[in-house]
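The values are calculated or read from the model by the stated rules, or taken from the named source; none is laboratory data. For clarity, every value in this text was computed on a predicted model and none was experimentally measured. Note: ideal-geometry Cβ built from the backbone for every residue, glycine included; neighbour counts use all protein chains shown. We work out accessible area using only protein heavy atoms, side chains counted, and drop any ligands, DNA or RNA first. Shrake-Rupley method; radii C 1.70, N 1.55, O 1.52, S 1.80 Å.
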Amino acid sequence: MLVTERERLREEITALADRHGRQRSALIPILQEIQRGHLQISDYAMQVVADLLDIHPVEVFSVVSFYSFLDEKPKGRFIIRLCRTISCDMAGKAAVARQLENDLGIGFGETTPCGRFTLEWANCIGMCDQGPALLVNDQVHARVTPEKVHEILAACRRVFGIYAQEQKEEHAV
Amino acid sequence: MAENNRKLDDDTSRAPVSQRGHTVARVADTADIGALVSVNIDGQDVKVPMGTTILEAARRIGVRIPTLCWHEDLCIAGVCRVCVVEIEGQRTLQASCAYPITAPLKVKTHTRKVRQARRHIIDLMLSEHYGECYSCARNNNCQLQALAQEYGVDFFRFGHPAAPRHEMDLSSHSVLRDMNKCVLCRRCVRTCIDLQEVGVLEAVGRGDQTRIATFMDKPLKDVICINCGQCINRCPTGALRANDPTDEVWAAIDDPNKHVIIQTAPAPRAAIGECFDLEPGHALTFEMNTALRLCGFDKVFDTNFSADLTIIEEGTELILRLYKALVEQDKSVALPQFTSCSPGWVKYLEHFYPEYIPNVSSAKSPQQMFGAVIKTYYAKLSGIDPKDIVTVALMPCSAKKFECNRPEMCDSGFKDIDYGLTTRELAKMIREAGVDLPRMPKSDFDDPFGTATGSGVIFGATGGVMEAALRTVIEIVTGLKVENVFANADITPVRGFDGVRVVEIKVPQSGPVPAMFKHLVKDWKWLEGATLKVAIAHGTANAKKVMENIKSGGELAQCHFIEFMGCPGGCLGGGGQPIPTSPEIRAARARAIYSEDQAYAVRKSHENPAVLKLYKEFLTDGPCGHLSHKLLHTHYTPRGKYIA
Amino acid sequence: MNEPIVNLATFAAMSPDAGLRAALQKSRADIIGEISASGIKGRGGAGFPVGVKWNLCAATRGTQKYVVCNADEGEPGTFKDRAILRAHANLVFEGMTIGAFAVGAREGILYLRAEYTYLRPELEAVLAKRRAAKFLGENVCGKQGFNFDIRIQLGAGAYVCGEETALIESLEGHRGEPRNRPPFPVDTGFLGRPTVVNNVETLAWVACILQKGGAWFKTTGTDKSTGLKILSISGDCARPGVYEFPFGVTVAKLLETVGAPDAKAVQIGGASGHCLPSSEFGRAIAYEDAATGGSIIVFGQQRDMLEVAANFLEFFVEESCGQCTPCRIGNARLREGVELLSEGRCSMRYLQELCALGETMQAASKCGLGQSSPNAFLSIVKHFKDEIMGRVSVASH
Ligand SMILES: Cc1cc2nc3c(=O)[nH]c(=O)nc-3n(C[C@H](O)[C@H](O)[C@H](O)COP(=O)(O)O)c2cc1C
Ligand code: SF4
Ligand code: FES
C-alpha cells in the first residue's frame, strides 16, 4: 500500500473512531463501516483501529475472524449469501447454488477475479417461509429459482454499467 | 505477601467481564457483603465468604475437582468444562471454577453424570489432540495426560487425529508453537493479554475452526512477542514450548576441541529441584555444580559474578546521569534510568515505548557481560582461542535465548553467548546424563570468577537488582556500612510481590570517593541530603502501568532509577522455570533466594574480589570506561508496535 | 406469486402507545405487578418469566441501566421477529420504553442481526417519528424525569449472539462468546451494568399487556403458558408463514392450518429444538410440553431424517462460538457420526456412545447453544431408529 493511501485510510478511520467514540464498544460499528467502504478490513486497517481504541491488533483480528460479515480478505462488490439451512434446503437451494456457480464461474467461498462478486453460504437468514432465499449485500431475495439467478446478477451488473463484461465471469465450468 | 498480579474485578483489566474473577460478591443488601454462606459439598458443610467459587470452597475442605483452563494467576474462563459439578436443583452441570456461591448450595462433585461428562470432555480433547506423549517436551508434566490417566482413558472413544492440521511455528528463538497439541484452554491468551498485557495471542475463528493465533497468523518472530515465555509456563500441554538447544550443547560438549563453559543464573538453582520432585523452595546451587561437571561442562561459572559487574557498570551509569542532571544541569539526560537486565522487558520497551530507549541503561545484562568477559579476559587468561570457547548460559528465561541471538551482542568478535538453556532444559540434560541431582555432593564454582556475593543472588527476585544497586550506591556515596542503615543489610522496602513499589531513600551524608570512581566524580557533596527515589515493577502489565504514569508526567516520572522485570515475580517466575507456577511456588523460590543471600560472606557487589580484580587487570579504565563501553554496554532497537 | 402469510391480528388491533401512556400513570411496582399477573414468559426461547426478570433488574441499585431488545433472530426456521419489526416496530419500541420505565433504564439498544440490515432504515424512521412525538427523549410523554432513547446496533453475523450474554459481549466490542453465569445480565450486563434483555415479541406483548391488562392476557393459553404465541411455520406445507396461536394448540392443529396433512415429522423450536414424529402430533405447543421460541419446521414423507440431522449439526459446528469443549468438539463428532450413519458404517455401540455424548453436551456445555444442539440429533435417533438404523452396518466398531 502506498504511504498516501495509508494516510488516507488512517484519516478515515480516525474520523470513524471520533464519531463512534474511542471505546471498545465502538469496535464493531467501526469495523462494519470499514468493511462496507473497503470490502475488507485490511491488516493495516486493523492496526489503526487497535491503535485508536487502545487495544491490541490481535484482538481486532480475533473479532473480525469471529463474525461472518467481517473479513480481513477482500470481498466482491456484491456479496451473495445463499441460505443453506433446512427450510431453504428443502425448498431447493441446491439448484440455485448450482446456477450461481455456473453464472459466476466461481465456487462458494470464492470471489470473481474481477472483484465484483463473492459467493458465500449463509446460515438461516430468516426467510424460511419464502425459500430458497439469498442476500445480495443487504438486499434480500426470496423464492429464488435457478432462472431468477440471472436476473439478480444482471441487476447487480447494471451498477457497473457494462453488460459485455458478463462474459468474463462466466464459463469457468 | 500476596502477589499483586492477579487482576480480579480490576477496572483496568483488559479481560472481558465474563472472564474476570468473582471474588466480589453481589448481594441484595450491603450488610451481607463479606458475609459467610454455607455450602454442602459431597456431604461436608463449609462456610465460605460470599462470592467464593465452588472450586475454592471444595479445595478448602480437601475435595479435589480436576481443572484445566483454570489457573491461579489468571482470570476465569470456564471454557474447558472439566471442572463441572452437579448442583442440587439445577438441570445442567456447572463449571465449579466459574460459579460464585452467593446462596446456600448443595454440590456433588463426582456423580455418575459428572464423571461421564468429564470423561467425555477428555475424550473429545483427545479426539483433536495430535501428538504422541512419548515424543513431547511435556511428557510427564502435562495436565491433559494427567487427566487422561485420572479418568482411566484406555482408548480413543471419539477417535484420534491421524495427521497434523496445523503447521508448527518454529520461527522464534524463544517460544515454539505447535497448535496440534492445543486444547484451547486459552491460558496463553489470558497470560499474554491480561497478565502480561503484551497482546500477541488471541482466539481466532469460530466454531470448530477456532484456534489460537497471532495477528494475521504471522510467525511469532514477526509480531510483538517479547519472548517472556509466561505462556509456556501456563500451557497445560506441549502446545507451547521453549526453543531447546540441548542437542547443540551436547554436541559442543562431545567435541574435544571445544571448551564449554556454563554460567548459572541465580533463579534456576532455586527452582531446579522442582524438576526432581522436590518441594519448591530448595536451592541446589552446589549440587548442580557437581552435576554440571558430570554432564561434561569444562567450567562452571556463577552469573552472580557478572551480576555484580552489572551493578558496578549500571550504578556508575546512574551516578553519571545524576551528576549531569543535578550538577551540570544538563536537560538532555534521560531520567529515570531503567534497568536492562530483563530481555523480555527490554523488548517490550522497544515495541511499546521506543521513545524511552534513552532511559534504558546501556549496560548489558549479566548473561551477556559474562559472555563478553569470557571470550576476552578469560580467553587470554587461560590461553584458549575464543573461537574454541562455547558459552552456555543457564537462565530461568526464554527471552535470554533471543537476547543471546541479538546481532549486536558480539563485541568481542564472537557471539557473547552461544546458547541459552532454561532450567527445564538443563534438568533434562542432567537426567539424560543419569545424574540424580538432589543426591549430588556439593562443589564450588570454578575460578577465576568463583567468589560471588549475595547481591548477585538476589537478582533472581523482583526488587533484587534494586537492592543490590542500593547496597552499593549507599556505601560508596555515604561511606557508611549498609548494615548501619538497614538492619542486616536487608533493604526490605524494595522486596515483596506488590506489582509496583516505590521507595525513597535519603542520602544522609557524603563520604570519600572510592578509588575506582575517582576519575568520574570529584566528591559526593552534591548528593548530600538528596532523596533517591526508586521504583520496582515486575510483570509487563505493571511495567505498562509505570510507563503510562511516566508518560503522563505522574509521580513515577520523578524517580531516578526503576527496576523492571518482564516476568511476574522477577526471574524466579521466568518463562524457563519449572512448570507449574503459582504465587505460592514463586514465593517459595523467593525464600530460597533470600536465604542464599544470607549465607554469603560478601553481600555487596563492589566488594566482590573477582570484580575488583577484573577492573584492576583488564578493564583498567574503570567502570563505564572505554573498554567496558565496548564490551559491556550495548544499544537498543526502536521496534515500534506496527506489525509489518 | 402469493404474498407471504403474516397473521398478527392481535398486534394490529392495539391502539398506538396506549400501553405506554397507561404505564406512565402507574408506579414501577404496579407495572411489574401487571406483567407478573399476566404470567408472560420470554418469547425468545428460554421462557424466563418477564416479571421476575424485570423485578430483579429494578431491584438493583445504580443509575445506569440498559434495556436491550434481542432482534438477533437466528434460530433456523424463525422469522416472526422480522415480521413483527416490519409491521409493528412501534409496539416493540413501546414495550422497550415501558421496560425502561419499570426498571429505571435510560438507554435502550435494539440488537439487529446483520442479515436484517435492510430493516434498519425503516426502523430508524420509526424511531425518528417516536422522538418527534416525544415517545422517546427527555421527559417521555411529558413524564418528568423519565428520559429514554433507543439506538440500533447491527450484529455482524453470528447466531450465538442471540444468546443474551454473547449479545452483550458483542455490544461491548468482543467476540460473541457467552459469559459465565451467574452473575446474570440483570445485575452485571452491558458494561457491567444491570441490563434487561428481551425478545422482540416479548416486548410487543408487554405493550399489549399494559394496554389490555394482565387478566386479558391470561384468558388465552394454558396455566403455565399464558397468552398467544407468534409462530413461524415453514418447510413442507402449503401455507408457510407467520401465525398467531394460543399456547396449548396441538401440533396437529397447526399442521391442519398450514396445510400439511401428510407430515412425517415436525421440528419444534428450530435447530436447537426437538423433532416430533407423527405419533406425537397430539402434543401441545407450550413451555411445559413442546416448547418453542417460534420455529416450526414441517417435514414431508419424502425427507431423509439423517439429512435433516446433518443440516442442523453443520449449522452448529459453524455457529458454535468455539469456546467450550463439549460444544466445539462435540458437535463436530456428532456430525461425523451422522456421516457414518448415512454411509452405513456406524456400529450400534458407537451410536450409543454418540447419544451419551449428546447428553454430556446438554449437561456440560457453557451456554444454551451447546446445551441444545444435540436435541435434534437425539430425537431423530430416538424416533426414527428404523429409518437410520437400516443403514447401520453390522461390523463392530
Ligand atoms: C444459542 C442461543 C441463541 C438465542 N437466540 C435468540 C434470538 O435470536 N432471539 C432471542 O430473542 N433470544 C434468543 N436466545 C435467548 C436469549 O438468550 C434470551 O433468553 C432471550 O433474549 C431473553 O428474552 P425473552 O426472555 O424475552 O425470551 C438465544 C439463546 C441461545 C442459547
Ligand atoms: S455451548 Fe457452544 S456456543 Fe455456548 S459457550 Fe460453549 S462453545 Fe460457545
Ligand atoms: S477449569 Fe473450570 S471450566 Fe476449565
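A few notes on this one:
- For C:Val103, the requirement of being over 25 Å from B:Ser96 (Cα atoms), in contact with a Cys (Cβ under 6 Å, 6 or more places away or on another chain) and at pLDDT 95 or above is met.
- Residue tally, condition open to solvent by less than 10 Å² (accessible area, probe 1.4 Å) and either touching a strand residue (DSSP E or B) at 6+ places or on another chain (Cβ under 9 Å) or among the β-branched types (Val, Ile, Thr) (or both), over segment C:90-101: 8
- Qualifying residue in segment B:54-62 (condition: within 16 Å of ligand 1 (Cβ to nearest atom), part of a loop (DSSP other than H, G, I, E, B) and under 34 Å from the mean Cα position of the chain (by Cα)): no
- Given (1) open to solvent by less than 20 Å² (accessible area, probe 1.4 Å); (2) part of a helix (DSSP H, G or I); (3) within 30 Å of B:Val373 (Cβ to Cβ), index of the condition B:Asn227 fails: (2)
- All conditions in (1) more than 10 Å from chain A (Cβ to nearest Cβ); (2) in contact (Cβ under 8 Å) with a residue 60 or more places away in the chain; (3) within 24 Å of C:Leu191 (Cα to Cα); (4) of a type outside the set (A, V, I, L, M) hold for C:Arg106, with the sole exception of (2).
- Where helices (runs of 4 or more DSSP H) sit wholly within segment B:248-343, those with at least 2 residues that are β-branched (Val, Ile, Thr), over 20 Å from B:Gln577 (Cα atoms) and more than 25 Å from the chain's Cα centre (by Cα) occupy B:303-322.
- Hey, B:Glu350 part of a helix (DSSP H, G or I), open to solvent by less than 40 Å² (accessible area, probe 1.4 Å), closer than 25 Å to B:Ile319 by Cα and charged (D, E, K, R) or not: yes
- Options A:Arg19, A:Arg8: the member that is part of a helix (DSSP H, G or I), more than 26 Å from C:Leu191 (Cα to Cα) and more than 10 Å from every other protein chain (Cβ to nearest Cβ): A:Arg8
- Complete set of residues in segment A:56-84 that are outside any helix (DSSP H, G or I) and touching a Gly at 6+ places or on another chain (Cβ under 8 Å): A:His56, A:Tyr67, A:Ser68, A:Phe69, A:Leu70, A:Pro74, A:Gly76, A:Arg77, A:Cys83
- Matching entry among B:Ala541, B:Ala530, B:Ala537 (being over 28 Å from the mean Cα position of the chain (by Cα) and over 26 Å from B:Val611 (Cβ atoms)): B:Ala530
- Selection of first residues in segment C:38-52 that are away from every other protein chain (no Cβ under 14 Å) and assigned to a loop (DSSP other than H, G, I, E, B) and of second residues that are among the acidic types (Asp, Glu) and away from ligand 2 (no atom under 16 Å from the Cβ), restricted to Cβ pairs under 7 Å at least 6 apart or on distinct chains, gives the following pairs, ordered by first then second residue: C:Arg43/C:Glu201.
- Residues of segment B:80-104 classified as of a type in the set (Val, Ile, Thr) and either within 16 Å of ligand 1 (Cβ to nearest atom) or on the phi > 0 side of the Ramachandran plot (or both), total: 1
- Any hit, segment C:327-347, residues being within 16 Å of ligand 2 (Cβ to nearest atom), among the acidic types (Asp, Glu) and within 9 Å of chain B (Cβ to nearest Cβ): no
- Only one entry in C:Ala309, C:Ala376, C:Ala364 is touching a helix residue (DSSP H, G or I) at 6+ places or on another chain (Cβ under 7 Å) and at the interface with chain B (Cβ under 9 Å from one of its Cβ atoms), namely C:Ala364.
- Here B:Lys221 passes the criteria (1) part of a helix (DSSP H, G or I); (2) more than 16 Å from ligand 3 (Cβ to nearest atom); (3) open to solvent by less than 40 Å² (accessible area, probe 1.4 Å) except the one numbered (3).
- Any hit, segment B:492-502, residues being within 27 Å of B:Ile374 (Cβ to Cβ) and of a type in the set (A, V, I, L, M): no
- Only listed residue being open to solvent by 10 Å² or more (accessible area, probe 1.4 Å), touching a Lys or Arg at 6+ places or on another chain (Cβ under 7 Å) and at pLDDT 95 or above, chosen from C:Thr325, C:Thr257, C:Thr250: C:Thr250
- Positions within segment A:22-62 being at the interface with chain B (Cβ under 9 Å from one of its Cβ atoms) and among the hydrophobic types (A, V, I, L, M, F, W, C), in sequence order: A:Met46, A:Ala50, A:Ile55, A:Val58, A:Val60, A:Phe61
- Test: B:Val39 is of a type in the set (A, V, I, L, M), modelled with pLDDT of 95 or more, assigned to a loop (DSSP other than H, G, I, E, B) and within 22 Å of B:Val107 (Cα to Cα): no
- Conditions (1) surrounded by fewer than 24 Cβ atoms within 10 Å (Cβ to Cβ); (2) within 22 Å of the chain's Cα centre (by Cα); number of the one not met by B:Ser382: (2)
- Scan segment A:127-152 for residues that are over 18 Å from the mean Cα position of the chain (by Cα), within 9 Å of another protein chain (Cβ to nearest Cβ) and either part of a loop (DSSP other than H, G, I, E, B) or at pLDDT below 95 (or both) and the total you get is 4.
- Verdict on B:Asp208 being open to solvent by 10 Å² or more (accessible area, probe 1.4 Å), over 31 Å from the mean Cα position of the chain (by Cα) and acidic (Asp, Glu): yes
- Matching entry among B:Gly152, B:Gly159 (being open to solvent by less than 60 Å² (accessible area, probe 1.4 Å), within 11 Å of chain C (Cβ to nearest Cβ) and on the phi > 0 side of the Ramachandran plot): B:Gly159
- Of the criteria (1) among the aliphatic types (A, V, I, L, M); (2) touching a His at 6+ places or on another chain (Cβ under 8 Å); (3) modelled with pLDDT of 95 or more, which one B:Ile311 fails: (3)
- Considering residues of segment B:109-126 that are open to solvent by 10 Å² or more (accessible area, probe 1.4 Å) and more than 18 Å from C:Gln362 (Cβ to Cβ) only, the residue nearest to ligand 2 (Cβ to nearest atom): B:Leu126
- Scanning segment B:387-415 for residues that are within 16 Å of B:Lys375 (Cα to Cα) and in contact with a Pro (Cβ under 6 Å, 6 or more places away or on another chain) gives a single hit, B:Phe414.
- Criterion (within 25 Å of C:Val6 (Cβ to Cβ), under 21 Å from the mean Cα position of the chain (by Cα) and in contact (Cβ under 8 Å) with a residue 40 or more places away in the chain) met by exactly one of C:Ala309, C:Ala284, C:Ala290: C:Ala284
- Condition check for C:Gln302 on (1) open to solvent by less than 10 Å² (accessible area, probe 1.4 Å); (2) more than 8 Å from every other protein chain (Cβ to nearest Cβ): one failure, at (1).
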